[in-house]
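Some notes on the structure that comes next.
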Amino acid sequence: MADLFDRFGSLRARRDSLVGDGGHDPFQVEMDEVLSQTEAMICGRHTILAGTNNYLGLTFAPESLKAAHDALDAEGTGTTGSRVANGTYSGHKALEYALSDFLGKDHAIVFSTGYLANLSILSTLVGPDDYILMDADCHASIYDGVRMGDAQIIRFKHNDAADLDKRLARLSKKPGNKLIVIEGIYSMLGDKAPLAEIVAVKKKYEDVYLLSDEAHSLGVLGRYGRGLPEEVGLEDDVDFIVGTFSKSIGTVGGFCVSSHPQFDLLRLACRPYIFTASLPPSVVASAKASLALVESGGALRKRLMRNAEHLHKGLVDIGFILGGDISPVVAVVAPDAETGVSFWRGLMDGGVYVNLALPPATPQNFTLLRCSLCAAHTIEQIDRIIEVFADVADSLGMLPAESGKKAALG
Amino acid sequence: MSAEPSDGASPDVRAAVLEVLQTFNKTDVILKHGTRFTEDLNFDSLLVMEFIAALEDRLDISVPLNVLPDIETVGQLVVAATEIVREEHG
């Protein structure tokens, strides 16, 4: 008899071959106890967290905790409703004002997750006669969003403005709007978009809009943490900025800001906005408090970049060759998925948690041991991370230089 | 796979598809109308993207991602590419 789950046969086989030996499963990690922004007990072991995207370490910021507690006590555990029904409290609107104010755009919409923000905007903003030109390395939420919509989808080569130019030129005779979709910092390898080059290409053509997903760069780049557009001084050239609260902001939720005068119409059109419950008041309150800390967080950004440089240099010094940009995402390439799992387990045994990322979720089908840093990491913690990376590479007989060659290409 | 169906596909486009595809074909499979990208040529999503990008450059066309799920075979791609070439270049 056919089983409903037979269609997952190849997935099951891959899972069984990679992690079916009863060893520690990279995709079923359980934090027994969270000790701080940078440490947790996992399987009874004191573990340094180096893969949480908690860039500024705001998950335990006293101001954000207090705001969340106050909202929780005053307004309860949840709104039990959609933003367009009973789920918009004054806190949701206040957060939207704070976001548009912070990012210098006229309008902001808050969504229940970053994933839903991308689903909402990308599935709705463009129609069947329009074109989306997306960077090939864009996040799954962008791929899912454009697939949900009706626009024609064109991918351009990762971070290749000349390739984008070529594709826009081919489309220039066609009617319809064009929306370029990029990310400020790409999540897997931590490389930045060449925003100045992309803006220059955009300006050559008519009816072209630019959307940047600043999920990994908000709070991280720019003097005030407004992301890549602030860092390179091109904020007015980015028409739509999408972001998340689940990284630098330290909670959960997503948003989009824009100065388009009709932007608010999307509230009545985006299905992932309409047909899901809004964020709980405590989450909204902590997001707003953390947003203020992001803006005044120059010292945190300095520590974060110091940590990024320290880890980057430490891994390079022991022979790993890493990708170009020094950013709070540091990805080491493993030669194959099996080695990746062994490496990841070695790191866990040494008390270091990083993300294991496998194809097809990775650029160029890399297997990645992806670290993300936190402003709250100490130099001692980072030295320990480097030491464990060296030990594991050694024990696996994995020549770091060999594994790194691919990273250099990426 | 001897007789090619008369589907209005352009011989020039067919030749271009085969020429570009052969540079991506890492198997011993001889390319035919019914050759399947995934099953016969072991194409994964990365290779599909690189191949389509090369084909776009060769024919100076835009192939939206939207059309790809319906394309399993070389013949289907030739038909789809022919349509796009006619639309974009007249």
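Read-outs: derived from the displayed coordinates by stated rules, not from any lab. Everything quoted here is computed from the prediction, not taken from an experiment. So basically every Cβ, Gly included, is an ideal-geometry build from the backbone, and we count neighbours across all protein chains shown.
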Extension reserve of the residue A:380-residue A:275 stretch, reckoned as 0.36 nm per residue once the Cα distance is removed: 33.2 nm
Alpha-carbon centroids, segment A:317-345 and segment A:226-262: separation in whole Å: 29
Spacing of the two label points (7 Å from each Cα toward its C-beta) at residue A:13 and residue A:94, in nm: 5.6
Ascending count of other beta-carbon atoms within 10 Å, so fewest first, for A:374, A:138: A:138, A:374
Rounded FRET efficiency, nearest 0.05, which uses the C-beta distance separating residue B:32 from residue A:129 and R0 of 45 Å: 0.80
Principal axis dimensions, largest first and in whole angstrom, of segment B:11-89 by Cα: 34, 24, 19
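Can you give the local net charge around residue A:274? Use residues other than it whose beta-carbon is closer than 12 angstrom to its beta-carbon, Lys and Arg +1, Asp and Glu -1. Numbers along the way, then the final one.
Values: positive: A:83, A:267, A:271; negative: none.
Residues near residue A:274 contribute +3 overall.
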Separation in nanometres of the label points that stand 7 Å from Cα toward Cβ, at residue A:260 and residue A:140: 2.7
Spread of Cα-to-Cα distances over 5 Å intervals beginning at zero, given as percent, for segment A:61-295: 1, 7, 15, 19, 20, 16, 11, 6, 3, 1, 0, 0
Cα centroid of segment A:145-164 to Cα centroid of segment A:69-116, whole Å: 30
Coarse-grained scattering of segment A:1-58 at q = 0.16, 0.23, 0.29 Å⁻¹, given as base-10 log I(q)/I(0) from a Debye sum over alpha-carbon atoms: -0.68, -0.92, -1.16
Alpha-carbon Rg/Rh ratio, for chain A, with Rh computed the Kirkwood way: 0.97
Sites residue A:173 and residue A:223 - FRET efficiency at Förster radius 51 Å, r taken between beta-carbons, to 0.05: 0.75
